[in-house]
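Since the structure comes first, as structure tokens, the remarks are kept for the end.
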Amino acid sequence: MESKIIPVVPIRGGAVFPGVTTTISIGRRRSLAAAQAASRSNGELLITVQYNTEVEIPNESDLAPIGIMAKVRDVLRAPHAGGVQMLVELKERVNFTGLLQTDPYLTGTYTPLELPKPELKDSDIQLMADAIAHLETYAESMGEINQQVLTATRSRRNIGDLADYLAGLLNIPFDLEVELFKELNGSARLAMIRDYLQQELRIAKIRSDLEGEAREGANKAQREFLLREQMKAIRRELGEEPESAADELRQKVEDAGMPEEVYARVNKELKRLNGQNPQSAEAGVIRTWIETLADLPWSKSTDDNFDLEHVRSILDEDHHGLDEVKERIVEFVAVRKLAGNQMRGAIINLNGPPGVGKTSIAQSVARAMGRKMVRISLGGVRDEAEIRGHRRTYIGALPGRLIRALRDVQTNNPVIVLDEIDKVGADFRGDPSSALLEVLDPEQNTNFQDHYLEVPFDLSQVIFITTSNEAGRISAPLYDRMETIDMAGYIEDEKLEITKNHLIRKQVKGHGVEEDQVEIEDEAIRLLIRRYTREAGVRQLERRVGSVIRKVAVQIAAEKEGPFKLTADDVREFLGREKFRYGKAEENDEVGVATGLAVSSVGGDVLAIEVSLSEGTGRVQLTGSLGDVMRESAQAALTYARTHARELGLDPAVFDKANIHIHVPDGATPKDGPSAGIALSTAIISAFTNRPIRRDVAMTGEVTLRGKVLEIGGLKGKTIAAHRAGIKTVLLPRDNARDIPELPDTIREEVDLIPVDHLNQVLEAALLDPIAAPFSVSSLNSEKSLENDAIATTAAEILEPSVSVQQKAKKKSVQ
């Protein structure tokens, strides 16, 4: 049979069936072009089903082999429907034989189907009756009976027509629609629809039974409520006492929304309470326990704010920097938005030095998500009962601090801040950190058992944020349960922004000064940061800013005219002498003096490393409060110099004839770590070779006995300190080159960062030409002989006057 060419419109996510006139929404440009082309010609169009809804331009394998011949009646613009709709008359199934083209619209070929004329059998008549009966029952259960539809259904005499009509009428899953679309046997199609209706009726019956049970329970509760209200009214009419305390307590229990097992336990205790003497101690214990459980937020929760832009804006408004913490909170909100209550609460540990904003970021998290926040300080807590509570049999027993916190905020999904978790102690009363293992384990805290409650409480929706200064002091099992985010100290530029955007505004408001009355220049703020504070956070800085604002407040109170623009000189005048200093680059290129880089909890700094040689026996002296690791680095540096003495132009014997003194200034400050290895090596080699070290070069990196330069930490703080000190070149381990993109733009633009693999590269970049011959044994001997000559000359000069006096005396005696 010859194929015919026709425009093709594939539809996605559903199917249509012949025998009706309907509208079809068009969303694709090619489908619209096909409909318009058909409308301009004889109106004939082939409609088929596309399997994969994600494909924009389907090929032949993406389309069903069966199509529906249709006649386009009209193409309508439908702004309210979001596009274009075409009115089509669906006629009959045809055999879709293939695609010819895809541009400007899809065209394909088809052949008519040669189907035998259907003959109704008794089984077909019964099938049609069953399908119609099931449809009527289904419509009645759904409350959607339409007599016109039912009449049209009963009027169908052809089993295939009835199947197609019902398929277009029902909301059938896509997979089943495709099967019905492709099935050519009318009886088979109607059997599939009958089976679907039977399944839907079973589901509707189960739903109806569940609703009936729920309605019956609600009716029972409503009946009990009405009876209680009637009893109250009768008592009031009779002039009897108002509702008893027991009734009030029972009502509180009813309204608490407890889980069934908890409600059953409380009801049992209520019955015990009714049998107790109200004045007995046991009755007081039971009543207090029931009231505590009734006050807990079993089913009360606050709605989360899932607007990610809002969350980001709140976090950025309250805190500068802290990008890793903010990103983790945004991730939590995003996943919570997608997963709903299936996602459990986060358990995050913020570790860092004091004053960097660990506790305040938790407040911002609560505000950003629209949750309530409660803070629990764990510093110095040594009693396990502080976490789990006391058994209610003890006099004065209370729930643990977690349960009390939930009772106070009246929500089961707050943000709970466990402050100073690294300072939890342990003694004969138990170990609170062990009790926290259950609290901070997402697999266990869904059924947290407080000793006082004696029933499980779900903590899985709580966001726990713990804070610590030293993560190493947290027990290993507890640390393993938390997601730790390290919050290093702020760098100078971050402190500058925090001061301008937060601290000044806060202090101005707190001291009653108008914000437009005070302006502090950037240089003045940098002076505060560098010379009057030394910290990782901003607490001292905030106090210093407060001191400056108070000086301004005094002037305003004395009726001096503003506004006041404060310079660095004003800050010096207000705060007196500078309290701290920071390292600077050396003034000259010197032999045996290398510039190292160090970092601590309060930031980075430059470190001068001095090496001096003197005649001796090879003794090595290390001074400057150096730790064991730094001493070992010095030993490794010296061993490298000994091993490569000839390559460096040195006599190996010189190391046994010279005493080596290595000193790191600022001796009151302890120093440790391996990152000064290449600076120590450079200073030692410089001293022996008499080659000056460039004063504008700083270096950091661990060195091995073979001269390899190994990775170090704290690169950001170290490079910022080098830039602040006027250093132009920083030598760093090549393994740290991946950290360079994370450095501030000013550092990367103004400092030459040179990654190195080996100490040879360090020496080549840092050492200048020698200013004298290398240090050697002969030079020591010549210096010694020169010393002896100088001593002899001095002795002669001292003796000469005495000889002259003796000669004069002799002459005098002779005369």
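The values are calculated or read from the model by the stated rules, or taken from the named source; none is laboratory data. Values in this document were obtained by computation on a predicted structure and should not be read as measured data. Here the Cβ positions follow ideal geometry from the backbone for every residue, glycine too, while neighbour counts run over all protein chains shown. Surface areas here come from the heavy atoms of the whole protein model, side chains and all, with no ligands, DNA or RNA. Shrake-Rupley method; radii C 1.70, N 1.55, O 1.52, S 1.80 Å.
Checking every one of the trypsin sites (Lys or Arg not before Pro) in the range 251-316 against DSSP loop status and a limit of 11 other Cβ atoms within 10 Å picks out no site at all.
Of the residues Met482, Gly649, Val751, the one whose Cα sits farthest towards the positive end of the charge dipole of the chain is Gly649 (charges of +1 on Lys and Arg Cβ, -1 on Asp and Glu Cβ, taken about the Cα centre).
Antiparallel beta bridges, as assigned by DSSP with both residues in the range 572-731, represent about 65 percent of the total such bridges. On the principal axes of its alpha carbon atoms, the range 11-67 extends 29, 25, 19 Å, with the longest extent given first. The angle separating the long axis of helix 186-238 from the principal Cα axis of greatest extent in the chain is about 80 degrees.
Mind pulling the angle between the C-alpha long axis of helix 358-369 and the longest principal axis of the chain? Nearest 10 degrees, somewhere in 0 to 90. It works out to around 20 degrees.
Which of the pairs Lys358/Lys716; Lys495/Lys584; Lys509/Lys579; Lys495/Lys716; Lys500/Lys565 have their Cα atoms more than 25 Å apart in this structure? Check vs 25 Å cut-off fails for Lys509/Lys579. Pairwise alpha-carbon distances in the range 144-266 exceed 22 Å for 62% of all pairs. For the range 408-508, the list of GluC sites (Glu not before Pro) that fall in a loop by DSSP and count at most 12 other C-beta atoms within 10 angstrom reads Glu443, Glu470. In the assembled protein chains, Tyr452 presents an accessible area of approximately 10 Å² (probe radius 1.4 Å). Computed extension length for Asp656-Glu54: 208.7 nm, one decimal, from 0.36 nm per residue of separation with the Cα-Cα distance subtracted. Spatial offset of the range 166-242 relative to the range 393-469 amounts to 41 Å, using the alpha carbon center of each. With distances taken between every two different alpha-carbon atoms, the range 170-237 has a Kirkwood hydrodynamic radius of 16.0 Å. Protection proxy ranking for 317-326, 381-390, using the average of other Cβ atoms within 10 Å per residue and placing the highest first: 381-390, 317-326. Of all trypsin sites (Lys or Arg not before Pro) in the range 617-725, which ones are in loop regions per DSSP and have a Cβ with at most 15 other Cβ atoms within 10 Å? When the trypsin sites (Lys or Arg not before Pro) of the range 617-725 are filtered for loop state and at most 15 Cβ neighbours within 10 Å, Arg619, Arg646, Arg706 remain.
Per-atom-type breakdown for the chain gives carbon and sulfur 48% of the accessible area (1.4 Å probe, protein chains only). Evaluated at q = 0.13, 0.22 Å⁻¹, a Debye calculation over the C-alpha positions of the range 33-92 (equal weights, vacuum) places log10 I(q)/I(0) at -0.40, -1.01. Once the Cα-Cα distance is subtracted from the 0.36 nm per residue extended length, the Gln410 to Asp247 segment shows a gain of 56.4 nm. Hull volume per residue, based on the alpha-carbon atoms of the range 304-354 and their convex hull, is 85 Å³. A viscosity of 1.567 mPa s and a temperature of 4 °C, combined with the Kirkwood radius over Cα pairs in Stokes-Einstein, give a translational diffusion coefficient for the range 560-618 of 81 µm²/s.
Cβ-Cβ distance of Met231 and Glu211, R₀ of 25 Å, FRET efficiency by 1/(1 + (r/R0)^6): the value works out to about 0.25. Applying 1/(1 + (r/R0)^6) with R0 = 35 Å to the Cβ-Cβ distance of Ser360 and Gln555 gives a FRET efficiency near 0.70. Annotation: aspartates and glutamates with alpha-carbon distance below 14 angstrom to Lys4 (same-chain offsets under eight excluded): Glu44. At what distance in angstrom do the alpha carbon centres of the range 12-64 and the range 673-742 lie from each other? Centre-to-centre distance over Cα atoms comes out at 70 Å. Against the main long axis of the alpha-carbon atoms of the chain, helix 245-255 sits at an angle near 80°. Modelled this way, with points 7 Å down the Cα-to-C-beta line, the labels at Ile771 and Ser61 are 7.9 nm from one another. Basic side chains Lys and Arg get +1 at the Cβ, acidic Asp and Glu get -1 at the Cβ, and with that the dipole of the chain about its Cα centre reaches some 1260 debye.
Beta-bridge orientation, the chain: approximately 55 percent antiparallel, per DSSP, counting only bridges with both partners inside.
Treating r as the C-beta distance of Leu201 and Arg738 and R0 as 60 Å, the FRET efficiency rounds to 0.40.
Each stretch of four or more DSSP H residues adds -39500 (n - 2.57); spread over every residue of the chain, this sum gives -14500 deg cm²/dmol at 222 nm. Between Asn171 and Arg154, residue separation times 0.36 nm minus the direct Cα-Cα distance comes to 4.2 nm.
With equal scatterers on the alpha carbons only and no solvent term, can you work out the Debye log10 of I(q)/I(0) for the range 33-153 at 0.11, 0.13, 0.14 1/Å? Summing over Cα pairs of the range 33-153 leads to -0.61, -0.81, -0.90.
Rounded to the nearest 20 debye, the dipole magnitude of the range 1-155 is 660 debye, with +1 charges on Lys and Arg beta carbons, -1 on Asp and Glu beta carbons, and the Cα centre as origin. Extents of the chain, largest first, come to 173, 96, 62 Å (Cα atoms, principal axes, whole angstrom). Per-peptide packing, taken as the mean over residues of other Cβ atoms within 10 Å, places 23-29, 189-195 in the sequence 189-195, 23-29 from highest down. The local environment of Arg473, defined by Cβ-Cβ distances under 13 Å, has a net charge of -2 under the rule Lys, Arg +1 and Asp, Glu -1.
Annotation: per residue accessible area for the chain equals 52 Å², rounded to a whole number [probe 1.4 Å, protein chains only].
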